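Here is the structure we will look at, set down as structure tokens.
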Amino acid sequence: MVSILPQALTIPLKHLLRRCRQALLPGSCLLCGGDAGPGLLCPPCQDELPDPPAACCPQCAEATALGERCGACLLEPPHFMRVVPRWRYEFPVDRLIHALKYRHQIAVARWLGEQMAAALPDGEHWLVPMPLHPERLRERGFNQALEIARSLARQRRLPLLANGLQRLRPTAPQADLDPRQRRRNVRGAFACTMDLGGRPVILVDDVLTTGASANECARVLCLHGAGPVTVAVAARALKQRSML
Ligand SMILES: [Zn+2]
Ligand SMILES: [Zn+2]
């Protein structure tokens, strides 16, 4: 087809038409490419996502043999009251998180919010996203925790405090640090500039790995008057895989 439009115009137009077609036709599954209908995954892939362990620590959601409190929470209780994970952080959930964070598929955040909404506690809560350092925000272009929190706010009609917390400095990856180093790594990394007036807070993040950042955020939120802090995450990495 010969275009009568200048090339500078046809390229954005083609892009727009592709977007429209994608919006009108059933999508393909993000994991296997099969028919996902109006969702993000096809039903078999959706069914295979790994649920959190049935028996887990009531505070941090780490797997425990009989659902008792874990040793780490007994030794040093976290500042958050409870972690609510939607899935375990393992294959193929890690692929979904990767698509969101590194392939900029922001639609995944909306879908994660829809999937997480039912597990949130009832009652009036502020939703506060895990903040991203401004440098990281510039690199990525968006904060995945904020995008998930936006979706949760819509689903549950809860108020969103998009800047409830700020990240003052970037933190090193926590995976290779021992618990004391992790605490030191995140100490003083977050700030809150508002009075939360005793209202319960749901801290939203994509993945909870060591829990050190969530714990430090909860500490800062409580210092600023937050009621109990619940941590809602799409996925929780587990240490005690042998108990599953
Ligand atoms: Zn699939
Ligand atoms: Zn625990």
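The values are calculated or read from the model by the stated rules, or taken from the named source; none is laboratory data. From a predicted model like this one, the values you see are computed outputs, not experimental measurements. With ideal geometry, Cβ positions are generated from the backbone for all residues, glycine too; neighbour counts draw on all protein chains shown. We work out accessible area using only protein heavy atoms, side chains counted, and drop any ligands, DNA or RNA first. Shrake-Rupley method; radii C 1.70, N 1.55, O 1.52, S 1.80 Å.
Per-residue ellipticity at 222 nm, computed for the chain from helices alone with -39500 (n - 2.57) per DSSP H run of at least four residues, works out to -10500 deg cm²/dmol.
What the phi angles of the range 121-136 give under the Karplus curve with 6.51, -1.76 and 1.60, with θ = phi - 60°, is a coupling list of x, 6, x, 6, 10, 7, 9, 10, x, 4, x, 10, 5, x, 5, 5 Hz, glycine and proline written as x.
Springs join every pair of Cα atoms under 10 Å in this Gaussian network model of the chain, and among Pro52, Pro170, Pro200 the largest mean-square fluctuation is at Pro170. What you get for the range 54-243, charging only the Cβ of Lys and Arg (+1) and of Asp and Glu (-1), is a dipole of about 280 debye around the Cα centre.
If you stretched the chain out fully between Asp195 and Gln181, how much longer would it get, using 0.36 nm times the residue separation minus the C-alpha to C-alpha distance?
Working: separation 14, 0.36 × 14 = 5.04 nm, distance 2.96 nm.
Taking Asp195 through Gln181 to full extension adds about 2.1 nm, to one decimal.
For the range 163-244, the share of DSSP beta bridges that are antiparallel, to the nearest 5, is 20%. With the simple spin-label model, which puts each label point 7 Å out from Cα in the Cβ direction, the Ile106 to Ala55 separation comes to 4.4 nm.
Loop-located GluC sites (Glu not before Pro) in the range 99-151 (DSSP state not H, G, I, E or B) with no more than 14 neighbouring Cβ atoms inside 10 Å: Glu124. Rounded to the nearest 5, the antiparallel percentage of DSSP beta bridges internal to the chain is 20%. Ignoring any ligand, DNA or RNA, what whole percent of the accessible area of the chain comes from carbon and sulfur when the probe is 1.4 angstrom? So the carbon and sulfur contribution to the accessible surface is 55 percent. Backbone N atoms of the range 186-224 closer than 18 Å to the 7 Å Cα→Cβ label point of Gln155 belong to residues 201-208. Solvent-accessible area per residue in the range 54-243 equals 49 Å², computed with a 1.4 angstrom probe and all protein chains kept. For the chain, with the dipole built from +1 on Lys and Arg beta-carbon atoms and -1 on Asp and Glu ones, taken about the Cα centre, which of Cys73, Ala99, Leu158 lies farthest toward the positive end? Final value for the positive-end residue is Ala99.
The translational diffusion coefficient of the chain, from Stokes-Einstein at 37 °C and 0.692 mPa s with a Kirkwood hydrodynamic radius over alpha carbon pairs, comes to 169 µm²/s.
Where in the chain are the helices, taken as whole DSSP H runs, whose Cα atoms extend 15 angstrom or more along the long axis and whose Kyte-Doolittle mean reaches at least 1.6?
Qualifying helices: none.
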